[in-house]
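Notes follow the structure.
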Amino acid sequence: MTHARKGDARLTRIVALLGYILLVGAVRVVAESPMPQVPLPTAETGRASERITLTAGQSTVLLTDFDVVRIAITNPEVADAVVVAPRELLVDGKMSGTVTLIVWGAAERVQYDVVVEPPVTTLQQQLQQLFPGENIQVSAIGEAVVLSGNVSSNGVMLRAGEIAQASSPDSRIINMLELPGGMLSQQVMLQVRFAEVNRRALSELGISMFTGPTGAGDYIARSSTQQFASTEFGDLERTEVDDAISLSGSSTFGDFLNLFIFNTKHNVGALIKVLESGGYFQSLAEPNLIAYNGQEASFLAGGEFPIPIVQGATGTVTIVYKEFGVRLTFMPIIAGDIIRLTVSPEVSSLDFNNGITLSGFRVPALITRRAHTTVELRDGQTFAIAGLLSNVSQEDRAAIPFLSKLPIIGNLFKSRSRRQEQTELMVLITPRLVRPLDPDEVPPLPTVPGRFLPPDDNIGAQLEGGGGPVDAPLAQIDPATGTPAAEQR
């Protein structure tokens, strides 16, 4: 019995040892065998990146074929996404641009290109309502508003530009709308003719009576309204010779005016101012300007005159120059064969009569006539700005109190000056669509026929030592024709 129990224990230990050996071998075999490869989530599963197009301010729902585990977007300021359901994403467009959206699932990964376009502005919505069927696109670049697309007529093109300018008064409007057939030219030449006529009339009437320097009888007298120059008396000298008293003196005449009368017997005279004058002035200027479509051009034919400006604290005098003359400023807008012109003609001249004296400087005033208008016309048509009339009438009167009120002889103690001036300005403007000339289209310059140096005037022969005009032997001159023999061949 004892031996049997010992044999069973030995057998159990042997079986356990064999089982342990077999288990270690199996674990080693499993460890050395390669692990099965589990496919990782990847985007390269045979499909390209999908494109999602949005408008700024709008949203869209993106559906997936798998449960979404994680998402990533490159720039949340352009577009953003949020998971609203296991298989739904809400994508929001915020501002124009392009971003990348990556979506992970448990075993998949998908990539999207999200393109956010600029929003449809209120201006574009208005243009689409006002002009249905027209292809008008509105975009903003910095401080400029750009109109692009195709329209059917000149009127639509111009009206769309006006509406854009009214909706964005602080922005610059760039009108790139195209018409059927395109535009022939983008440059406008403006032919302008200024015609100015000035008529003047001046009449003066006055009388100044006086006595000689020693007086008439026992009186020395003079009458004057001070409107015109009169006589002035010098110092009076009294001389006594042989109980006889004599007076002597002098008279100074600043202006003898028109009529001078003096009676030597009675020592009485008169200065009479009777003058009528008239003038006629005509000025004509014909400037030609070229400007690009939508760009402003200006012209000035005149000059500048200095104006002294006194600084307040230091008293320093600085000079500022003011322009005057014939000025023209215009801006064309081309719409097919229609040209819209914003024109500002101006004519100014110096007026010394109404000037001022500042710190010893005589500063003239300006007589200015200007106009500002917008017109539409076709290539080669002309419009006129007329009726710029200026009528000036001025009358100055002077009289001696009481004496001028006397009947009949009261007119001898009055004087007057009357000035009348009439100015008329007319402007004729003709726009033309132009293009540059090709090299073969350039006309020849005007030349004077004949040689610059006549053959019989040999300047070189008059120099000391002789010599020809080109330092060469003199050509033989044919006396019959007066030309060198070489030219006859």
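The values are calculated or read from the model by the stated rules, or taken from the named source; none is laboratory data. It should be emphasised that the depicted structure is a prediction, and the values quoted were computed from it without experimental measurement. Neighbour counts are summed over all protein chains in view; Cβ atoms, including those assigned to glycine, are modelled from backbone coordinates with ideal geometry. These accessible areas exclude ligands, DNA and RNA; they are computed on the full protein's heavy atoms, side chains included. Shrake-Rupley method; radii C 1.70, N 1.55, O 1.52, S 1.80 Å.
What the table shows:
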quantity: Anisotropy class of the range 64-156 from Cα gyration tensor, a/c 1.5 cut; calculated: prolate
quantity: Amide hydrogen neighbours beyond the local backbone of Ala335, cut-off 5 Å, H modeled; calculated: Arg340
quantity: Computed FRET value (nearest 0.05) for Arg222 with Ala371, which takes r as the C-beta separation and R₀ as 60 Å; calculated: 0.70
quantity: Debye-sum result for the range 304-393 in log10 I(q)/I(0), which assumes one identical scatterer on each alpha carbon, at q = 0.15 Å⁻¹; calculated: -0.75
quantity: Sites Arg362 and Thr252, calculated FRET efficiency, Cβ-Cβ separation with R0 35 Å, nearest 0.05; calculated: 0.85
quantity: Low-density loop cleavage sites - GluC sites (Glu not before Pro) in the range 80-166, where at most 14 other Cβ are within 10 Å (DSSP); calculated: Glu143
quantity: Vicinal HN-Hα couplings computed from phi for the range 68-74 (Karplus, 6.51 cos²θ - 1.76 cosθ + 1.60; Hz; Gly/Pro x); calculated: 7, 9, 7, 10, 8, 9, 6
quantity: Phi-based couplings in Hz for the range 130-147 (Karplus 6.51, -1.76, 1.60; Gly and Pro marked x); calculated: 6, 10, x, x, 8, 8, 10, 10, 10, 9, 10, 10, x, 9, 10, 10, 10, 9
quantity: Of all accessible heavy-atom area on the range 352-449, the percent that carbon and sulfur account for (1.4 Å); calculated: 57
quantity: Carbon and sulfur %, accessible surface of the range 126-239 computed with the full protein complex present, 1.4 Å; calculated: 50
quantity: For the range 213-228, Karplus couplings with θ = phi - 60° (6.51, -1.76, 1.60), whole Hz, Gly/Pro x; calculated: x, 9, x, 10, x, 9, 10, 10, 9, 7, 10, 7, 8, 6, 7, 10
quantity: Accessible area in the full protein assembly, largest first, 1.4 Å probe, for Phe131, Phe210; calculated: Phe131, Phe210
quantity: For the range 185-218 and the range 308-335, distance of Cα centres in Å; calculated: 28
quantity: Probe 1.4 Å, all protein chains present, accessible-area order of Thr74, Thr55, largest first; calculated: Thr74, Thr55
